[in-house]
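The values are calculated or read from the model by the stated rules, or taken from the named source; none is laboratory data. Please read these numbers as outputs of a predicted model, since none were measured by experiment. Note that each Cβ is placed from the backbone with ideal geometry, even for glycine, and that neighbours are counted across all protein chains shown. Accessible surface is based on the protein model in full, side chains and every heavy atom, while ligands, DNA and RNA are left aside. Shrake-Rupley method; radii C 1.70, N 1.55, O 1.52, S 1.80 Å.
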Amino acid sequence: MQDLRLLEYFVTVAGELNFTRAAQTLHVTPPTISAGVRKLERRLGLQLFDRDSRSVALTADGRRLLGDARRTLEAADQFDRRARSVDGRIELVVGTFWGLGADRLDRAARHAVGAGIDLHLDLRVYGWDDPTGGLRQRDVDVAVVPGPSDIDERLRRLPLWEEPRVAILPHDSTLARRGHVELADLDAVGWVRFPDRDPVAHPWWRLDHLRGGPPAERGRVHETPHELMLAIRNGDGTCTTLASFRDQFSFEGLTLVPLEGVPPVPVDLAHRLDRIPPGLRALRDGLPPHVPLHP
């Protein structure tokens, strides 16, 4: 509901005391946040924030209404969960990063139904726009999330499995004929660019923490995996991915080579701390054991 979205803008800005950070948290633009707060202020006939070019602070009215706004959002959330759990039926909106774990989620739902739990999943796929699989925007109840994010302090993560990284290389390149490659090999080739939508996840996937900074990147930003793979196939750089994505995407003309000396990627089932999804335990208990992949 639009009114609830305005309340969410208000509560998020009140928590961050910064419109830009609030926009990043909700995955919208700062002008959208500003316009939403102004619209709410006009509707209420009150000023919620004192703001200038250097600082943002709650007004007395803003402080007075903040608790009510938070309780309203929590009540709406609770109503939504109950509405999707009537007559014993549990509906979970589940997000995934590029479809990671989708087959396992389907098996988990069927396992729950076989155990007498009427669990139904609404599966949604997110990419670089939201590495948390929809948790950032509160679009989902729970998500399969690989690696860290900038909203981890708001998430509870339940470990599922760890997954090796592989390098994506043109099949006719010298590195593609090796049994494995190392980070220095990829840095010598140069990295293709992909969207930077999460200030924690993006450098982590690029392995900045292992080399102490960003690598040399080549070309434009590629918005989709297909664009990125075409660039790699054309010799415009390289990057890494998860071993299991060999079954998710087409790697025609490309070779996936194991990356040595790099820790595996943790894959978690995550939900927001302020929202414990119904059916969470049934979903997790039904997830089949992970079989290690050896690309």
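Exposure check, 1.4 Å probe, all protein chains in place: His27 carries approximately 60 Å² of accessible surface. As a length-normalised measure over Cα pairs under 8 Å and 6 or more apart, the relative contact order of the range 1-154 settles at 19 percent.
Each helix, a run of at least 4 DSSP H residues, gives -39500 (n - 2.57); summed and divided by the residues of the chain, these come to -11000 deg cm²/dmol at 222 nm. Label separation (Ser53 vs Glu182): 5.1 nm, computed from points 7 Å beyond Cα along the C-beta direction.
Taking GluC sites (Glu not before Pro) in DSSP loop states with no more than 16 other Cβ atoms inside 10 Å as exposed sites, the chain has its longest site-free stretch at 1-222. In terms of its alpha-carbon gyration tensor, the chain comes out oblate; a/c meets the 1.5 threshold, while b/c is at least as large as a/b.
You can think of it this way: the chain between Arg43 and Arg211 has 55.4 nm of extra reach, that is 0.36 nm per residue less the Cα-Cα gap.
Comparing Cα centroids, the range 108-172 and the range 209-253 end up 20 angstrom apart.
Among rounded, prolate and oblate, which fits the range 1-60 when a ≥ b ≥ c are the square roots of the eigenvalues of its C-alpha gyration tensor, a/c under 1.5 means rounded, and a/b larger than b/c means prolate? Judged from the Cα gyration tensor, the range 1-60 comes out oblate (a/c at least 1.5, b/c at or above a/b). In the range 154-289, the alpha-carbon atoms span a convex hull of 131 Å³ per residue. Using a Gaussian network model of the chain in which every pair of alpha carbons under 10 angstrom is joined by a spring, one finds that among Gly219, Gly190, Gly99 the greatest mean-square fluctuation is at Gly219. Once C-alpha pairs closer than 8 Å and six or more residues apart are averaged by separation and normalised to the residue number of the chain, the relative contact order reads 21 percent.
Approximating the spin labels as points 7 Å out from Cα along Cα→Cβ, the Glu227-to-Arg71 distance works out to 4.7 nm.
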